[in-house]
Amino acid sequence: MTITRDYYEVLSVERTADGGEVKRAYRRLAMKYHPDRNPGDPEAERLFKEAAEAYEVLSSPDRRRLYDQYGHEGLRSRPGHDFRSMHVEDIFSMFEDILGGFGGRTGRGRPQQRRGYDLETEVTVSMMEVLTGTECDVEIDRQDVCDTCGGSGARPGTTPETCTTCNGNGQVQQAGLGGMFRMVSACPTCRGRGTVVAERCDDCRGHGRATAHRSLLVRIPAGIGDGQAIRVTGEGEPPSPEVSPDGSGTPGDLHVVIRVQSDERFERDGDNLIVVEPVAFTQLAIGATVTIDTLDGRHELEIPAGTQTNELFRIAAAGLPNLRSGKRGDMVVIVRLVVPRKLTERQRALLGEYAETEDTPVNETSGSFWEKFKDVVTGGRSQDDKEQ
Ligand code: ZN
(Lines give C-alpha, C1' and ligand atoms only; values in the text may rest on other atoms or scores of the structure.)
Protein backbone atom coordinates (compact mmCIF):
# COMPACT_ATOMS: atom_id res chain seq x y z
CA MET A 1 0.00 0.00 0.00
CA THR A 2 1.45 3.32 -1.00
CA ILE A 3 1.78 5.93 1.70
CA THR A 4 -0.40 8.96 1.10
CA ARG A 5 1.56 12.16 1.66
CA ASP A 6 0.19 15.16 3.48
CA TYR A 7 -1.89 17.13 0.99
CA TYR A 8 -0.54 20.53 2.06
CA GLU A 9 2.95 19.18 1.60
CA VAL A 10 2.05 17.82 -1.85
CA LEU A 11 0.88 21.23 -3.01
CA SER A 12 3.56 23.08 -0.98
CA VAL A 13 1.05 25.43 0.60
CA GLU A 14 0.51 26.56 4.18
CA ARG A 15 -2.35 25.02 6.12
CA THR A 16 -3.91 28.48 6.12
CA ALA A 17 -3.78 28.85 2.32
CA ASP A 18 -7.02 30.13 0.82
CA GLY A 19 -8.87 28.66 -2.18
CA GLY A 20 -7.01 30.86 -4.65
CA GLU A 21 -3.58 29.84 -3.37
CA VAL A 22 -4.54 26.17 -3.44
CA LYS A 23 -5.75 26.54 -7.02
CA ARG A 24 -2.60 28.35 -8.16
CA ALA A 25 -0.37 25.78 -6.46
CA TYR A 26 -2.19 22.94 -8.16
CA ARG A 27 -2.10 24.58 -11.57
CA ARG A 28 1.65 25.15 -11.23
CA LEU A 29 2.27 21.48 -10.37
CA ALA A 30 -0.10 20.17 -13.04
CA MET A 31 1.80 22.16 -15.67
CA LYS A 32 5.19 21.13 -14.32
CA TYR A 33 4.42 17.42 -14.20
CA HIS A 34 2.16 17.21 -17.24
CA PRO A 35 3.10 13.98 -19.06
CA ASP A 36 3.27 15.86 -22.37
CA ARG A 37 6.22 17.78 -20.97
CA ASN A 38 7.74 14.73 -19.29
CA PRO A 39 7.26 11.99 -21.87
CA GLY A 40 7.93 8.49 -20.61
CA ASP A 41 8.57 9.68 -17.05
CA PRO A 42 6.41 7.60 -14.70
CA GLU A 43 7.54 9.65 -11.69
CA ALA A 44 6.18 12.84 -13.28
CA GLU A 45 2.88 11.10 -13.97
CA ARG A 46 2.71 9.92 -10.38
CA LEU A 47 3.35 13.45 -9.09
CA PHE A 48 0.77 14.81 -11.53
CA LYS A 49 -1.84 12.43 -10.13
CA GLU A 50 -0.80 13.03 -6.55
CA ALA A 51 -1.32 16.77 -7.03
CA ALA A 52 -4.79 16.15 -8.46
CA GLU A 53 -5.73 14.06 -5.43
CA ALA A 54 -4.49 16.74 -3.05
CA TYR A 55 -6.31 19.45 -4.97
CA GLU A 56 -9.57 17.52 -5.00
CA VAL A 57 -9.55 17.41 -1.21
CA LEU A 58 -8.19 20.88 -0.41
CA SER A 59 -10.45 22.63 -2.93
CA SER A 60 -13.60 21.26 -1.30
CA PRO A 61 -14.35 23.12 1.95
CA ASP A 62 -16.23 20.16 3.32
CA ARG A 63 -13.57 17.55 2.64
CA ARG A 64 -10.76 19.93 3.61
CA ARG A 65 -12.38 20.43 7.01
CA LEU A 66 -12.55 16.65 7.54
CA TYR A 67 -8.93 16.33 6.44
CA ASP A 68 -7.76 19.12 8.76
CA GLN A 69 -9.52 17.54 11.69
CA TYR A 70 -8.87 13.85 11.18
CA GLY A 71 -6.23 13.57 8.45
CA HIS A 72 -6.52 10.91 5.76
CA GLU A 73 -8.58 8.89 8.22
CA GLY A 74 -11.31 11.54 8.08
CA LEU A 75 -11.82 11.05 4.36
CA ARG A 76 -12.59 7.36 4.56
CA SER A 77 -16.31 7.90 4.46
CA ARG A 78 -15.96 10.51 1.72
CA PRO A 79 -14.24 8.77 -1.15
CA GLY A 80 -12.46 10.78 -3.78
CA HIS A 81 -11.59 9.81 -7.31
CA ASP A 82 -9.14 6.99 -7.82
CA PHE A 83 -6.63 9.17 -9.65
CA ARG A 84 -3.95 6.49 -9.69
CA SER A 85 -5.99 4.40 -12.11
CA MET A 86 -7.28 7.35 -14.16
CA HIS A 87 -5.96 8.53 -17.50
CA VAL A 88 -4.12 11.82 -17.52
CA GLU A 89 -6.59 13.16 -20.12
CA ASP A 90 -9.50 12.46 -17.83
CA ILE A 91 -7.87 14.23 -14.91
CA PHE A 92 -7.42 17.20 -17.19
CA SER A 93 -11.02 17.25 -18.26
CA MET A 94 -12.13 17.01 -14.62
CA PHE A 95 -10.27 20.18 -13.70
CA GLU A 96 -10.76 21.80 -17.07
CA ASP A 97 -12.08 24.99 -15.53
CA ILE A 98 -8.69 25.74 -14.01
CA LEU A 99 -6.39 23.80 -16.33
CA GLY A 100 -8.13 24.57 -19.64
CA GLY A 101 -5.81 26.25 -22.12
CA PHE A 102 -2.72 25.00 -20.30
CA GLY A 103 -2.14 21.96 -22.41
CA GLY A 104 -5.05 19.71 -21.67
CA ARG A 105 -5.42 17.07 -24.32
CA THR A 106 -9.15 17.19 -24.18
CA GLY A 107 -9.84 17.95 -27.80
CA ARG A 108 -9.45 16.08 -31.05
CA GLY A 109 -7.81 12.69 -30.91
CA ARG A 110 -9.07 11.92 -27.47
CA PRO A 111 -11.49 9.02 -27.41
CA GLN A 112 -14.89 10.02 -26.14
CA GLN A 113 -14.88 9.05 -22.50
CA ARG A 114 -18.19 7.31 -22.07
CA ARG A 115 -17.08 5.51 -18.96
CA GLY A 116 -17.50 7.25 -15.62
CA TYR A 117 -14.75 7.75 -13.10
CA ASP A 118 -13.78 5.18 -10.52
CA LEU A 119 -14.07 6.06 -6.85
CA GLU A 120 -12.01 4.76 -3.99
CA THR A 121 -12.83 4.39 -0.32
CA GLU A 122 -11.53 2.43 2.67
CA VAL A 123 -13.09 0.24 5.30
CA THR A 124 -11.45 -1.22 8.39
CA VAL A 125 -12.13 -4.76 9.55
CA SER A 126 -10.97 -6.70 12.58
CA MET A 127 -8.93 -9.90 12.54
CA MET A 128 -12.07 -11.73 13.66
CA GLU A 129 -13.90 -10.44 10.59
CA VAL A 130 -11.04 -11.70 8.42
CA LEU A 131 -11.66 -15.11 9.96
CA THR A 132 -15.40 -15.19 9.31
CA GLY A 133 -15.85 -12.82 6.41
CA THR A 134 -18.32 -9.99 6.88
CA GLU A 135 -20.57 -7.43 5.29
CA CYS A 136 -19.75 -3.74 5.64
CA ASP A 137 -21.88 -0.66 5.23
CA VAL A 138 -20.03 1.66 2.90
CA GLU A 139 -21.24 5.25 2.72
CA ILE A 140 -20.24 7.25 -0.31
CA ASP A 141 -21.06 10.60 -1.88
CA ARG A 142 -20.80 10.70 -5.62
CA GLN A 143 -21.80 12.87 -8.53
CA ASP A 144 -24.97 11.37 -10.03
CA VAL A 145 -27.30 12.49 -12.79
CA CYS A 146 -29.46 15.32 -11.46
CA ASP A 147 -33.00 14.02 -10.91
CA THR A 148 -34.61 17.36 -11.64
CA CYS A 149 -33.24 18.01 -15.13
CA GLY A 150 -32.21 14.48 -16.10
CA GLY A 151 -28.65 15.69 -16.57
CA SER A 152 -29.26 18.34 -19.25
CA GLY A 153 -28.66 21.17 -16.77
CA ALA A 154 -31.66 23.04 -18.20
CA ARG A 155 -34.58 24.14 -16.05
CA PRO A 156 -37.45 21.67 -16.56
CA GLY A 157 -39.59 22.87 -19.47
CA THR A 158 -36.65 24.49 -21.28
CA THR A 159 -34.11 22.89 -23.60
CA PRO A 160 -30.37 23.57 -24.02
CA GLU A 161 -29.37 25.73 -27.01
CA THR A 162 -26.49 25.35 -29.43
CA CYS A 163 -23.34 27.03 -28.06
CA THR A 164 -22.43 30.06 -30.18
CA THR A 165 -18.74 30.07 -29.17
CA CYS A 166 -18.01 26.72 -30.78
CA ASN A 167 -21.08 26.41 -33.01
CA GLY A 168 -22.00 23.22 -31.27
CA ASN A 169 -18.64 21.50 -31.90
CA GLY A 170 -17.69 21.43 -28.24
CA GLN A 171 -14.11 22.34 -29.18
CA VAL A 172 -12.17 25.50 -29.93
CA GLN A 173 -8.63 26.26 -31.09
CA GLN A 174 -6.51 28.12 -28.60
CA ALA A 175 -3.00 29.43 -28.51
CA GLY A 176 -0.95 27.68 -25.87
CA LEU A 177 2.16 28.85 -24.02
CA GLY A 178 2.16 32.42 -25.25
CA GLY A 179 1.38 31.52 -28.86
CA MET A 180 4.14 28.96 -29.28
CA PHE A 181 1.68 26.44 -30.60
CA ARG A 182 -2.00 26.06 -31.20
CA MET A 183 -4.13 23.40 -29.74
CA VAL A 184 -7.65 22.16 -29.78
CA SER A 185 -9.34 22.13 -26.44
CA ALA A 186 -12.81 21.91 -25.02
CA CYS A 187 -14.92 25.02 -25.57
CA PRO A 188 -14.65 27.24 -22.48
CA THR A 189 -18.24 28.41 -22.83
CA CYS A 190 -20.02 25.05 -22.95
CA ARG A 191 -17.11 22.99 -21.55
CA GLY A 192 -17.31 20.59 -24.46
CA ARG A 193 -21.01 19.90 -24.51
CA GLY A 194 -21.76 21.94 -27.61
CA THR A 195 -24.88 23.26 -25.94
CA VAL A 196 -25.57 25.89 -23.33
CA VAL A 197 -28.55 26.28 -21.09
CA ALA A 198 -30.36 29.61 -21.07
CA GLU A 199 -32.22 28.85 -17.87
CA ARG A 200 -30.31 26.71 -15.45
CA CYS A 201 -31.75 23.90 -13.42
CA ASP A 202 -32.00 25.16 -9.82
CA ASP A 203 -30.90 21.91 -8.25
CA CYS A 204 -27.60 21.41 -10.08
CA ARG A 205 -27.00 25.01 -11.27
CA GLY A 206 -26.70 23.78 -14.86
CA HIS A 207 -24.08 21.16 -14.19
CA GLY A 208 -26.37 18.19 -14.78
CA ARG A 209 -24.87 16.35 -11.85
CA ALA A 210 -25.70 16.50 -8.18
CA THR A 211 -24.10 14.97 -5.10
CA ALA A 212 -25.92 11.80 -4.20
CA HIS A 213 -25.41 9.85 -1.03
CA ARG A 214 -25.18 6.11 -1.42
CA SER A 215 -25.15 3.46 1.22
CA LEU A 216 -23.93 0.08 0.03
CA LEU A 217 -23.58 -3.29 1.65
CA VAL A 218 -20.23 -4.71 0.56
CA ARG A 219 -19.36 -8.33 1.17
CA ILE A 220 -15.83 -8.79 2.53
CA PRO A 221 -14.59 -12.34 1.94
CA ALA A 222 -12.85 -14.31 4.69
CA GLY A 223 -9.07 -14.27 4.43
CA ILE A 224 -8.77 -10.75 2.96
CA GLY A 225 -5.41 -9.05 3.46
CA ASP A 226 -4.57 -5.51 4.54
CA GLY A 227 -4.42 -3.23 1.49
CA GLN A 228 -6.37 -5.52 -0.82
CA ALA A 229 -9.30 -3.93 -2.61
CA ILE A 230 -12.76 -5.09 -3.53
CA ARG A 231 -14.13 -3.74 -6.79
CA VAL A 232 -17.84 -2.96 -6.77
CA THR A 233 -18.70 -2.80 -10.45
CA GLY A 234 -20.78 0.16 -11.59
CA GLU A 235 -20.84 2.01 -8.25
CA GLY A 236 -18.48 4.76 -9.41
CA GLU A 237 -19.69 7.84 -11.24
CA PRO A 238 -21.71 7.98 -14.44
CA PRO A 239 -19.92 9.28 -17.56
CA SER A 240 -19.29 13.02 -17.42
CA PRO A 241 -22.13 15.35 -18.46
CA GLU A 242 -19.98 16.73 -21.31
CA VAL A 243 -20.07 13.43 -23.19
CA SER A 244 -23.22 11.89 -21.78
CA PRO A 245 -25.70 14.36 -20.28
CA ASP A 246 -28.17 11.66 -19.29
CA GLY A 247 -25.43 9.51 -17.77
CA SER A 248 -25.89 6.65 -20.21
CA GLY A 249 -22.80 4.59 -20.96
CA THR A 250 -20.64 2.67 -18.53
CA PRO A 251 -20.41 3.92 -14.96
CA GLY A 252 -17.07 3.71 -13.15
CA ASP A 253 -16.38 1.24 -10.37
CA LEU A 254 -15.99 1.69 -6.64
CA HIS A 255 -12.78 0.33 -5.14
CA VAL A 256 -13.12 -0.53 -1.49
CA VAL A 257 -9.65 -0.79 0.03
CA ILE A 258 -9.58 -3.04 3.09
CA ARG A 259 -7.56 -2.11 6.15
CA VAL A 260 -7.16 -4.91 8.66
CA GLN A 261 -6.88 -3.71 12.24
CA SER A 262 -3.89 -5.21 13.98
CA ASP A 263 -4.72 -7.48 16.89
CA GLU A 264 -2.35 -6.97 19.82
CA ARG A 265 -2.52 -10.67 20.68
CA PHE A 266 -1.40 -12.01 17.31
CA GLU A 267 0.99 -11.22 14.54
CA ARG A 268 -0.33 -12.14 11.10
CA ASP A 269 1.93 -13.86 8.61
CA GLY A 270 -0.14 -14.63 5.52
CA ASP A 271 -2.67 -17.22 6.66
CA ASN A 272 -0.74 -18.05 9.83
CA LEU A 273 -1.04 -16.31 13.17
CA ILE A 274 1.94 -16.04 15.45
CA VAL A 275 1.66 -15.70 19.21
CA VAL A 276 4.33 -15.42 21.88
CA GLU A 277 3.51 -17.37 25.04
CA PRO A 278 5.49 -16.40 28.16
CA VAL A 279 6.41 -19.43 30.26
CA ALA A 280 8.35 -20.07 33.44
CA PHE A 281 11.56 -22.05 33.73
CA THR A 282 9.78 -24.77 35.67
CA GLN A 283 7.16 -25.20 32.94
CA LEU A 284 9.88 -25.70 30.34
CA ALA A 285 11.89 -27.99 32.56
CA ILE A 286 9.22 -30.39 33.82
CA GLY A 287 6.58 -29.85 31.13
CA ALA A 288 3.19 -28.17 31.38
CA THR A 289 -0.14 -27.63 29.72
CA VAL A 290 -0.78 -24.01 28.76
CA THR A 291 -4.01 -22.51 27.46
CA ILE A 292 -3.58 -20.60 24.22
CA ASP A 293 -6.25 -18.10 23.16
CA THR A 294 -7.01 -18.54 19.48
CA LEU A 295 -9.28 -16.28 17.42
CA ASP A 296 -12.23 -18.60 17.85
CA GLY A 297 -11.64 -20.41 21.09
CA ARG A 298 -8.98 -21.88 23.31
CA HIS A 299 -6.44 -24.59 22.82
CA GLU A 300 -4.66 -26.67 25.42
CA LEU A 301 -1.04 -26.87 24.35
CA GLU A 302 1.22 -29.56 25.78
CA ILE A 303 4.74 -28.36 26.43
CA PRO A 304 6.97 -31.40 26.89
CA ALA A 305 9.62 -31.54 29.58
CA GLY A 306 12.94 -30.14 28.45
CA THR A 307 11.54 -27.59 25.99
CA GLN A 308 13.93 -24.73 25.23
CA THR A 309 12.95 -21.06 25.12
CA ASN A 310 11.83 -19.81 21.66
CA GLU A 311 10.81 -23.26 20.53
CA LEU A 312 7.86 -23.28 18.10
CA PHE A 313 4.64 -25.23 18.36
CA ARG A 314 1.95 -25.38 15.72
CA ILE A 315 -1.75 -25.55 16.36
CA ALA A 316 -3.06 -26.82 13.04
CA ALA A 317 -5.89 -24.91 11.34
CA ALA A 318 -6.15 -22.25 14.07
CA GLY A 319 -4.93 -19.49 11.74
CA LEU A 320 -6.82 -17.49 9.11
CA PRO A 321 -8.57 -18.91 6.07
CA ASN A 322 -6.87 -18.62 2.71
CA LEU A 323 -8.67 -16.08 0.51
CA ARG A 324 -8.85 -18.50 -2.43
CA SER A 325 -8.99 -22.01 -0.96
CA GLY A 326 -10.64 -21.22 2.38
CA LYS A 327 -8.18 -23.62 4.01
CA ARG A 328 -7.09 -22.33 7.39
CA GLY A 329 -3.47 -21.61 8.26
CA ASP A 330 -1.89 -22.51 11.59
CA MET A 331 -1.37 -20.79 14.88
CA VAL A 332 2.34 -20.72 15.57
CA VAL A 333 3.17 -20.50 19.28
CA ILE A 334 6.61 -19.32 20.34
CA VAL A 335 7.26 -20.24 23.97
CA ARG A 336 9.43 -17.65 25.62
CA LEU A 337 11.15 -18.07 28.94
CA VAL A 338 10.43 -15.30 31.42
CA VAL A 339 12.90 -15.07 34.29
CA PRO A 340 11.34 -13.62 37.44
CA ARG A 341 12.78 -10.24 38.43
CA LYS A 342 11.92 -10.72 42.08
CA LEU A 343 11.91 -13.83 44.22
CA THR A 344 10.39 -14.51 47.61
CA GLU A 345 12.64 -15.75 50.39
CA ARG A 346 11.33 -19.25 49.97
CA GLN A 347 11.80 -19.25 46.19
CA ARG A 348 15.34 -18.02 46.57
CA ALA A 349 16.10 -20.75 49.10
CA LEU A 350 14.57 -23.46 46.89
CA LEU A 351 16.44 -22.29 43.82
CA GLY A 352 19.67 -22.11 45.79
CA GLU A 353 19.15 -25.68 46.83
CA TYR A 354 18.35 -26.62 43.26
CA ALA A 355 21.46 -24.90 41.99
CA GLU A 356 23.59 -27.06 44.26
CA THR A 357 22.24 -30.16 42.50
CA GLU A 358 22.81 -28.66 39.07
CA ASP A 359 25.83 -29.94 37.20
CA THR A 360 25.05 -28.88 33.62
CA PRO A 361 28.36 -27.99 32.05
CA VAL A 362 27.75 -24.68 30.32
CA ASN A 363 30.34 -25.46 27.65
CA GLU A 364 28.33 -28.38 26.33
CA THR A 365 25.73 -26.11 24.75
CA SER A 366 27.92 -23.08 24.17
CA GLY A 367 29.19 -24.40 20.82
CA SER A 368 25.74 -24.56 19.28
CA PHE A 369 24.83 -21.26 20.89
CA TRP A 370 27.65 -19.47 19.07
CA GLU A 371 26.73 -21.21 15.83
CA LYS A 372 23.19 -19.91 16.15
CA PHE A 373 24.42 -16.46 17.04
CA LYS A 374 26.66 -16.41 13.98
CA ASP A 375 23.73 -17.49 11.84
CA VAL A 376 21.70 -14.54 13.01
CA VAL A 377 24.54 -12.09 12.44
CA THR A 378 25.53 -13.37 9.01
CA GLY A 379 21.99 -14.20 7.91
CA GLY A 380 22.81 -17.91 7.88
CA ARG A 381 25.54 -17.63 5.25
CA SER A 382 28.40 -19.45 6.91
CA GLN A 383 31.59 -20.50 5.16
CA ASP A 384 30.22 -24.00 4.61
CA ASP A 385 27.18 -22.71 2.74
CA LYS A 386 29.26 -20.72 0.32
CA GLU A 387 31.24 -23.74 -0.73
CA GLN A 388 28.16 -25.76 -1.52
ZN1 ZN B 1 -30.37 19.66 -12.73
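The values are calculated or read from the model by the stated rules, or taken from the named source; none is laboratory data. As the structure is a prediction and not an experimental result, all values here were calculated from the model. All Cβ positions, even for glycine, are placed from backbone atoms using ideal geometry, and neighbour counts span all protein chains on display.
Among the residues of the range 130-144, are any part of a loop (DSSP other than H, G, I, E, B), closer than 21 Å to G80 by Cβ and away from the ligand (no atom under 14 Å from the Cβ)?
no
For the range 285-294, indicate whether the set of residues that are surrounded by fewer than 17 Cβ atoms within 10 Å (Cβ to Cβ), of a type in the set (A, V, I, L, M, F, W, C), touching a Pro at 6+ places or on another chain (Cβ under 9 Å) and on the phi < 0 side of the Ramachandran plot is non-empty.
For the range 285-294, residues surrounded by fewer than 17 Cβ atoms within 10 Å (Cβ to Cβ), of a type in the set (A, V, I, L, M, F, W, C), touching a Pro at 6+ places or on another chain (Cβ under 9 Å) and on the phi < 0 side of the Ramachandran plot: absent.
With the checklist (1) at pLDDT below 75; (2) surrounded by fewer than 17 Cβ atoms within 10 Å (Cβ to Cβ) in hand, flag the one item T124 doesn't pass.
So T124 meets the others, but not (1).
Take the residues in the range 146-176 that are β-branched (V, I, T) and free of Cβ contacts under 8 Å to residues at least 40 places away in the same chain; name whichever of them is farthest from the ligand (Cβ to nearest atom).
By that ranking, first place goes to V172.
Report yes if R78 is basic (K, R) and modelled with pLDDT under 90, otherwise no.
Taking the combined requirement at face value, the residue satisfies it.
Is it true that some residue in the range 226-249 is farther than 30 Å from G329 by Cβ, within 16 Å of the ligand (Cβ to nearest atom), in contact with a Ser or Thr (Cβ under 6 Å, 6 or more places away or on another chain) and not β-branched (V, I, T)?
yes
Condition (residue is closer than 22 Å to T211 by Cα, hydroxyl-bearing (S, T, Y) and part of a helix (DSSP H, G or I)) applied to the range 42-64: is it met by at least one residue?
Yes, the range 42-64 contains at least one residue that is closer than 22 Å to T211 by Cα, hydroxyl-bearing (S, T, Y) and part of a helix (DSSP H, G or I).
Looking only at the range 273-283, decide whether some residue is exposed (fewer than 14 other Cβ atoms within 10 Å of the Cβ) and free of Cβ contacts under 8 Å to residues at least 40 places away in the same chain.
Yes, some residue in the range 273-283 is exposed (fewer than 14 other Cβ atoms within 10 Å of the Cβ) and free of Cβ contacts under 8 Å to residues at least 40 places away in the same chain.
Name the single residue, out of those in the range 202-237 being loosely packed, with under 14 Cβ neighbours inside 10 Å, of a type in the set (S, T, N, Q) and in contact with a strand residue (DSSP E or B) (Cβ under 6 Å, 6 or more places away or on another chain), that is nearest to A317 (Cα to Cα).
Of everything passing the filter in the range 202-237, S215 is nearest to A317 (Cα to Cα).
For the range 43-58, state whether one or more residues are surrounded by 13 or more Cβ atoms within 10 Å (Cβ to Cβ), under 16 Å from I140 (Cα atoms) and of a type in the set (D, E, K, R).
Yes, the range 43-58 contains at least one residue that is surrounded by 13 or more Cβ atoms within 10 Å (Cβ to Cβ), under 16 Å from I140 (Cα atoms) and of a type in the set (D, E, K, R).
Which of the residues belonging to the range 198-225 are within 21 Å of D141 (Cβ to Cβ) and either within 11 Å of the ligand (Cβ to nearest atom) or part of a loop (DSSP other than H, G, I, E, B) (or both)?
Of everything in the range 198-225, those that are within 21 Å of D141 (Cβ to Cβ) and either within 11 Å of the ligand (Cβ to nearest atom) or part of a loop (DSSP other than H, G, I, E, B) (or both) turn out to be C201, D202, D203, C204, R205, G206, H207, G208, R209, A210.
Could we say that A305 is at pLDDT 95 or above, over 30 Å from H213 (Cα atoms) and in contact with a helix residue (DSSP H, G or I) (Cβ under 7 Å, 6 or more places away or on another chain) here?
Taking the combined requirement at face value, the residue satisfies it.
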